[in-house]
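K.L.:
This is the structure I have questions about; it appears just below.
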Amino acid sequence: MSIREKINQKQSLAIIGAATIVILSLSFIVWHAVWRGPTISPPVTKAFYSDDDGVTWFVDETTRLAPFDHNGKQAVRAEVFRCKAGKAFVGYLERYSDAAKARIIAAGAPQPGSAAGGMSREPMEVKKPGQTKWVALGGSASSSKEYIAVTTQSCPEGDNTYLRGVSPSDPDNGATN
């Protein structure tokens, strides 16, 4: 006997089963929308910076235009990552060129502590800690490849399964303050 024949023989049970599935589905949708509510992330206002080529890093406002003076040293933005071993590390450093920084300031850059955030359309230069050459994202294929090579991360132990970015809001972010 086929399923179709069984359903035809017991139509009332089939209707009850289908109605139950619909009611449970609608209940889940309503619960998800009402009880869990929308998930809106708070604005990002903090970022990592380093003034010693990524050996250590600290947290400051996102509005800081790197490079900037920090305790008599030039501080640049630091992108921090963590792998399976758990130790956080600076994957690469970022800064604005002098010309880009001047354009941002001329356009009315937000000051540290302002709510606007340090977002700019000006590209940042990047480099790996320990390297001397800063790479800008330019129009050529070779500069794009260099930029991607610098910003692509891999775990020192070789297993990238657990590679993740670290946020300044993480309690164990490795920052020195």
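K.L.:
Need the failing condition index for Ser50 against (1) more than 21 Å from the chain's Cα centre (by Cα); (2) at pLDDT 85 or above, just the number.
P.N.:
Every listed condition holds for Ser50 apart from (1).
K.L.:
What's the number of the condition Tyr96 fails, among (1) under 16 Å from Lys133 (Cα atoms); (2) modelled with pLDDT under 90?
P.N.:
(2)
K.L.:
For Ser120, which of the numbered conditions (1) at pLDDT below 85; (2) among the polar types (S, T, N, Q); (3) within 22 Å of Asp52 (Cβ to Cβ) fails to hold?
P.N.:
Ser120 satisfies all of (1) at pLDDT below 85; (2) among the polar types (S, T, N, Q); (3) within 22 Å of Asp52 (Cβ to Cβ) except (3).
K.L.:
Return a yes/no flag: does region 28-46 have any residue that is outside any loop (DSSP other than H, G, I, E, B) and modelled with pLDDT of 85 or more.
P.N.:
So far as region 28-46 goes, yes, one or more of its residues are outside any loop (DSSP other than H, G, I, E, B) and modelled with pLDDT of 85 or more.
K.L.:
In the list Lys145, Lys127, which residue meets the criterion of being of a type in the set (Lys, Arg), farther than 16 Å from Arg64 by Cα and at pLDDT 90 or above?
P.N.:
Lys127
K.L.:
Report every pair of residues separated by at least 6 positions or lying on different chains whose Cβ atoms are under 6 Å apart, first residue within region 93-111 and surrounded by 11 or more Cβ atoms within 10 Å (Cβ to Cβ), second at pLDDT 85 or above and charged (D, E, K, R).
P.N.:
Leu93/Lys127; Glu94/Arg77; Arg95/Glu125; Ser97/Glu125
K.L.:
Please find, among Arg77, Arg82, the residue that is closer than 30 Å to Pro171 by Cα, surrounded by 18 or more Cβ atoms within 10 Å (Cβ to Cβ), modelled with pLDDT of 95 or more and touching a Leu at 6+ places or on another chain (Cβ under 9 Å).
P.N.:
Criteria check complete, one pass: Arg77.
K.L.:
Right, another one. Do you know which residues across region 147-175 are among the hydrophobic types (A, V, I, L, M, F, W, C) and in contact (Cβ under 8 Å) with a residue 24 or more places away in the chain?
P.N.:
Val150, Cys155, Leu163, Val166, Ala175
K.L.:
Across region 130-142, which residue is surrounded by the most Cβ atoms within 10 Å (Cβ to Cβ) among those that are modelled with pLDDT of 75 or more and over 20 Å from Asp52 (Cα atoms)?
P.N.:
Selected residue: Leu137.
K.L.:
Residues of region 149-166 being of a type in the set (Gly, Ala, Ser) and under 21 Å from Asp52 (Cβ atoms), which ones?
P.N.:
Listed by number, the list holds a single entry, Gly165.
K.L.:
Which of (1) in a loop (DSSP other than H, G, I, E, B); (2) of a type in the set (Lys, Arg); (3) at pLDDT 75 or above is the odd one out, the single condition Arg103 does not satisfy?
P.N.:
Among (1) in a loop (DSSP other than H, G, I, E, B); (2) of a type in the set (Lys, Arg); (3) at pLDDT 75 or above, Arg103 violates only (1).
The values are calculated or read from the model by the stated rules, or taken from the named source; none is laboratory data. Just so it is clear, the model here is predicted, and its values are computed rather than measured. Using ideal geometry, Cβ is built from the backbone for each residue, glycine included, and neighbour counts are taken over all protein chains shown.
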